[in-house]
Structures are given as structure tokens and as C-alpha cells.
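Heads up: the structure comes next, in C-alpha cells.
The values are calculated or read from the model by the stated rules, or taken from the named source; none is laboratory data. Everything numeric in this text was worked out from a predicted model, so none of it was measured. Ideal geometry is used to build each Cβ from the backbone, glycine not excepted, and the neighbour counts take in all protein chains shown. Just so you know, the surface numbers come from the protein's heavy atoms only, side chains and all, with ligands and any DNA or RNA stripped out. Shrake-Rupley method; radii C 1.70, N 1.55, O 1.52, S 1.80 Å.
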Amino acid sequence: MKETILITGCSSGIGRFCAEQLHAAGYNVIASSRKPEDVAELQQQGLNCVRLDLDDTSSIHEGLKECLAMSGGRIDVLFNNAAYGQPGALEDLPTNALRQQFETNLFGWHELTQAVIPLMLKQGSGKIVQNSSVLGLVAMKYRGAYNASKFALEGYTDTLRLELGDDTPIHVSLIEPGPIESHFRENAKRKFEQYIDLDNSRHHISYRKTLDRLGKSSPSSKFTLPPEAVLKPLKEIIASKRPKPRYYVTQPTYIFGFLRRLLPTRKLDQLLSKSV
């Protein structure tokens, strides 16, 4: 049996594709999702799957307990992937919207990671893979809550890598994708409608463009790639004895990663302000 890989956020998109493909490749994949109906659907496909809601402490620990029962107590790779994007100008977002964004995109990841680290130390090996974003490298308008969560994740992961360092058997890597085919925009549109009072915002004209973009089924960018683009570096990390700290995915990540190092802040702001 190959390594046991726990993947969060497998209801659709990157998580589901990676779970299905790695399962087909012979890995002992344990997928997770917060909705019982998605868990049942993945189980019907023949995957091991548990319910794990990153917004719920008891669900995180119960889900992990189920995983360990399926794996004989091992977690070789943790792929933290479950996340969503809360759209809206920061001035229009209630604090609770940011709290929820961080609960799913960072605090839940921390709680699961913290629980897995002792297992990896005891078994003498392990890899923690964080699915970040190009928006953990640069910021864009109307994505402030998501930007903040991913910037925080980048700092969190860099710190974790330093703390685990060379004196533990655990490797920590970031995957940083740009636009990937998924239900991300569909989920973001629901969150926008939940929290944003469009008609009473000074950003209402830009918001209508945002809603139009979020409502389209076609890719939002010519640079959009299928989820297979994320599977490739994930497989490299799994196979590597010493995986890299960072893996860029899609052209926008390479471009903005380069421009962030090259351009003065004001010049980069001018470029990023044209993105909606």
C-alpha cells in the first residue's frame, strides 16, 4: 500500500480531482468534506471519505479519528485544501464575514495541522502541503478577506517550516495556484450576496461587474487551468524525499511573483488596481 494522504475540501474542484486521481494511482486516499451528501457521493465512488468541517472543532477531531481508523494510525501526507473566497470591499464587509473567512481558510487548517504533527513525529515521516494562492503573494481589489487569509497562510506556513526545520522528519510545502477550474466563483457569489449590500455601497458599479464575473460558467481568465495543474506539483511533493518550499502554478503566479520582487510598490499597485 502506498502512502496515506488526507485531503480536505473534496466536494469539488482541486480537492476532488486530486483525491480521485491519487486514489486511481493506488494511494490510500482519505478524502474529506463538510457536507454529508458529498461524503456519501465520494464513498459511492469507492473512495475512503469522512465528514470534516473546518469551522467545527469537534468535527475536525472526529474526522481525523475516523481517518486514523481507516489508515492504521498513519497520515503520510496532509493536503490542506478546503477554502472559499469572500468577495467585497473591506469597508463593506462585517467583521463576522472576516471571522468566517479565517475560520475556514486558516484556523481550521491550524487545528487539523496541529493534531497531525505529533502523529508524523511519532511515525518518523510526514509531509504537510498547503494549497495557497497567487493572492497570498499579491492583493487585488474586492478580495480583501481572501487576500488576508492567504497572506496569513503564507506567513503561517513559512513559520511552520522554520519551526519543524531540519531536526524533524516533516516537510512543509506551499502550492500557489492562480485561476483553476472549480466551483470557487459559484461559492464566492453566494458569500457576496450574503454579506454585501450592493445598492448602498459606493462600489456598486464595480460590484455589478464582480457579480457578472462570478456568475459566468466559462473561465474568468485565459490563464485558467484545469485542476490537473495542481495535481502535478502535489504528486512531485509526495514522490520527493526533499520537496521544495514553494510550487507556483499558472502563469499569473509566475508573473506576479516576479513583478512583486521587481517593481516598486506604487507601480505594482497601479498594475493590480486594473484587475477587478
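Under the condition of being outside any helix (DSSP H, G or I) and touching a residue at least 60 places away in the same chain (Cβ under 8 Å), which residue from region 113-132 is most open to solvent (accessible area, probe 1.4 Å)?
Out of the qualifying residues, it is Lys127.
Could you identify the single residue in Lys2, Lys65 that is at pLDDT 95 or above, out of contact with any helix residue (DSSP H, G or I) (no Cβ under 6 Å at 6 or more places or on another chain) and not aromatic (Phe, Trp, Tyr)? Give the derivation first.
Numbers: Lys2 fails: at pLDDT 95 or above.
After ruling out the rest, the residue left standing is Lys65.
Only residues in region 226-246 that are over 14 Å from Lys127 (Cβ atoms) count as the first member; pair them with residues that are assigned to a loop (DSSP other than H, G, I, E, B) and of a type in the set (Val, Ile, Thr), Cβ under 9 angstrom, at least 6 apart or cross-chain, and list the lot.
Ala229/Thr250
Mind checking which helices (runs of 4 or more DSSP H) fall wholly inside region 9-104 and carry at least 1 residues that are open to solvent by 10 Å² or more (accessible area, probe 1.4 Å) and touching a residue at least 40 places away in the same chain (Cβ under 8 Å)?
In region 9-104, the matching helices (runs of 4 or more DSSP H) lie at 13-24, 57-71, 95-102.
Within region 170-209, take every residue that is acidic (Asp, Glu) and assigned to a loop (DSSP other than H, G, I, E, B) and give me the one that is surrounded by the fewest Cβ atoms within 10 Å (Cβ to Cβ).
So the residue we want is Asp197.
From the list Pro243, Pro252, exactly one residue is farther than 19 Å from Asn105 by Cβ and in contact with a His (Cβ under 7 Å, 6 or more places away or on another chain). Which is it? Let's see the steps before the verdict.
Values: Pro252 fails: in contact with a His (Cβ under 7 Å, 6 or more places away or on another chain).
Exactly one of Pro243, Pro252 is farther than 19 Å from Asn105 by Cβ and in contact with a His (Cβ under 7 Å, 6 or more places away or on another chain), namely Pro243.
Could you tell me whether Gly136 is touching a residue at least 40 places away in the same chain (Cβ under 8 Å), open to solvent by less than 10 Å² (accessible area, probe 1.4 Å) and not charged (D, E, K, R)?
On the way: touching a residue at least 40 places away in the same chain (Cβ under 8 Å): yes; open to solvent by less than 10 Å² (accessible area, probe 1.4 Å): yes; not charged (D, E, K, R): yes.
The answer is yes for Gly136.
So in region 226-257, with the set limited to residues that are over 24 Å from Val77 (Cα atoms) and out of contact with any helix residue (DSSP H, G or I) (no Cβ under 7 Å at 6 or more places or on another chain), which one is most open to solvent (accessible area, probe 1.4 Å)?
Looking at the filtered set, the residue picked out is Tyr254.
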